[in-house]
Each structure stands twice: as structure tokens, then as C-alpha cells.
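Coordinate-derived values only; no laboratory data. Quick caveat: nothing in here was measured; it's all calculated off a predicted structure. For neighbour counting, all protein chains shown are included, and Cβ atoms are generated from backbone atoms with ideal geometry for every residue, glycine included.
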Ligand SMILES: [Zn+2]
């Protein structure tokens with residue numbers, strides 16, 4: 001660690017902290033020049049909302065003790081957030097439903113806090129990393145998250161609940177959505193880790209003698225990672241499942257290309273680490289289906305920002321909101 005990094009920020013340079021609240025860990029860092037400096041990570045305390053708030057506060061305080069007081073703090077949560085108030089309206093995986101997070105953390109930490117959905121934060125980080133003003137991000141994990149950056153800013157709808165791209169429908173009578181969603185045939189119902197696990201398990205049940213079938217017989221289901229492992233070993237069933245996964249993703253990409261004409265569609269999330277098994281098919285399908293003039297102008301790529309995307313995006317959000325507020329006061 002160089003001495004320059006350890007020194008407190010110069011007075012004229014406002015400091016911004018990004019916080020990513022995930023289901024397993026809370027990460028916080030000062031964000032400067034679109035980079036995270038020394039990320040502090042704590043395990044997420046899911047016991048209660050109060051315990052989780054204490055954990056977030058402790059994580060940010062650790063960053064502040066090293067780097068100084070921030071001008072603003074951005075917080076990304078895997079939840080539905082009313083952006084103007086920073087209140088969490090719905091939250092399935094972490095106990096923050098109904099919590100006025102912006103107010104709570106603002107009081108505890110003595111700095112302005114801006115709260116947003118983690119998919120939105122990740123999209124902002126990716127847009128910044130690739131220098132795109134118009135970008136759509138799809139995050140393929142257990143579910144499918146999404147984020148939309150339009151003209152350089154996060155687009156989140158009237159109250160902050162919009163841009164739920166994982167719930168765009170790509171198959172009218174498709175499988176039920178696994179999330180907190182009444183619909184069926186959503187991108188999340190077809191292109192998520194849960195969808196892959198469901199389809200692999202179904203195929204295994206239909207073919208008891210196959211490698212997938214043996215996994216079902218042994219464990220009652222096939223996990224996504226087993227499907228990936230079998231595909232890498234050349235199993236035809238597993239390869240076909242991942243190819244179909246790619247075809248569906250391609251349809252989803254064509255939908256967002258036509259809707260937004262982004263400079264770039266970025267595919268991130270844990271499953272994108274296995275993109276060699278499905279991404280080529282996805283691109284081919286997207287190129288065949290989206291309007292040709294849009295295809296010619298848009299790029300479809302894997303996300304460049306890795307695990308730190310949430311922290312970086314939250315910090316960038318804090319900086320953007322701070323700049324907007326300063327401009328608002330000056331006007
Ligand atoms: Zn859905």
C-alpha cells in the first residue's frame with residue numbers, strides 16, 4: 001500500500017463511498033475514478049433488519065476510519081426501492097422490507113445516502129467501465145437482474161421500481177417465474193440458474209439411465225453447476241440444455257436491443273463465467289432476431305466489471321447524485 005493511498009483525501013476532492021449489500025456479504029469502498037480502493041467486506045447478518053443495519057454501518061465506518069468522511073454514500077440492495085425516499089418496498093432475500101434505509105443510514109453515518117437496486121448499480125458501473133451512455137445489463141445468477149443506463153443515467157421508472165428486465169416475457173405459456181412474480185415465461189423463468197436447474201432435473205427424470213438421470217436418482221435434482229460440469233465433459237444432454245439456454249438468452253437480448261437501441265448489451269452475473277457454453281448461440285440468435293439496423297449499431301458483450309460492479313456502481317451513483325444536488329443548489 002503506497003502512502004498516497006493511505007493519506008486522507010484532499011479537502012477539495014469530495015469522497016464517495018459505495019456499498020453493496022448482498023445475500024452473503026456486505027462490501028464497501030471509496031470509489032475514485034470508477035475504481036474501488038480497498039474493499040471492506042463483512043458477512044451479511046440476515047438475523048434481522050436491525051442487525052443488518054448495524055452490519056452495514058460497521059462496514060462503512062471501517063472505510064471512513066481509513067479514508068475520512070464522505071460527501072455522499074451510495075447503497076445497492078437486492079430489493080425494490082422507492083428511489084426518492086430510499087425506502088425498501090419489497091425485499092425477498094434480505095430483511096429490509098419496509099425499512100427507510102436512506103434515512104436510517106443517513107442518521108447513523110452523518111452523510112447523504114442514496115439507495116438503489118443492485119442491478120441498477122451494476123449497470124451504471126458497467127456503462128462507466130466501457131464508456132457507454134446507453135447500456136442494458138442482464139445479470140444471470142440464481143435469478144436474472146437487470147439495469148438500464150439511458151443517456152448516462154440509471155433509468156428506474158416513476159418511483160424506482162421499473163427496469164425489471166428479468167421479468168420481460170419471452171415465452172407466453174412458459175414456465176412459472178421462480179421469483180416474487182405472478183407471471184410465466186419471464187427471462188428469469190427461462191435464463192436463470194434456477195431455470196437451468198429445473199430443466200436439467202426434468203430431463204434427468206425423463207432419462208433415468210443418463211448422467212443427468214443418475215444425478216436425479218442420487219440427489220433428487222440436478223444443480224446448475226453439475227449441468228455445467230457434465231457439459232464440459234461432453235454430455236450431449238447437458239450441452240443441449242446450455243445451447244437452449246443460449247437461444248433463450250438470445251431472444252431476451254433481441255427484445256432489449258429493439259426496445260432501447262443501446263450502444264451495448266452487457267451480460268454479467270455468476271452464470272456468465274460459463275458463457276463459452278452458451279454465449280455464441282445467444283449472440284447468433286439475437287443477431288437473427290433483432291432489427292438489423294439496430295444489430296449493426298449495438299454491441300453484445302460479456303460484462304467487464306466483475307464482482308466489484310455493485311460497490312463501484314453504488315459509489316458512482318453517490319457521485320452523480322451529489323453532483324446533481326450541488327448543481328441544483330447553485331441554480
Ligand atoms: Zn417474472
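Odds and ends about this structure:
- Just so you know, the averaged projected area of the alpha carbon convex hull for the chain sits at 18.8 nm².
- In segment 115-233, the inverse of the mean reciprocal separation of distinct Cα atoms equals 15.8 Å; this is its Kirkwood hydrodynamic radius.
- Remark: 109, 89 ranked as 89, 109, counting other beta-carbon atoms within 10 Å and listing the fewest first.
- Taking the helices alone, the chain has a mean residue ellipticity at 222 nm of -13500 deg cm²/dmol, built from -39,500 (n - 2.57) per DSSP H run of at least 4 residues and averaged over all its residues.
- When each of 235, 118, 226 is scored by the number of other beta-carbon atoms lying within 10 Å, the sequence from fewest to most is 235, 226, 118.
- Beta bridges per DSSP with both ends in the chain, % antiparallel, nearest 5: 60
- Candidates 125, 240, 27, ranked by Gaussian network fluctuation over the chain, Cα under 10 Å, top entry: 240
- Residues 73, 31, sorted so that the one with the fewest Cβ neighbours within 10 Å comes first: 31, 73
- What the Kirkwood sum gives for segment 280-331 is a hydrodynamic radius of 14.4 Å, with every pair of different alpha carbons counted.
- Largest GNM mean-square fluctuation among 86, 23, 166, using the chain with Cα springs under 10 Å: 23.
- Estimated translational diffusion coefficient (Stokes-Einstein, Kirkwood radius over Cα pairs, 37 °C, 0.692 mPa s) of segment 131-302: 200 µm² per second.
- If you run the Gaussian network model on the chain, springs between alpha carbon atoms under 10 Å, then out of 148, 277, 135 the most flexible one is 277.
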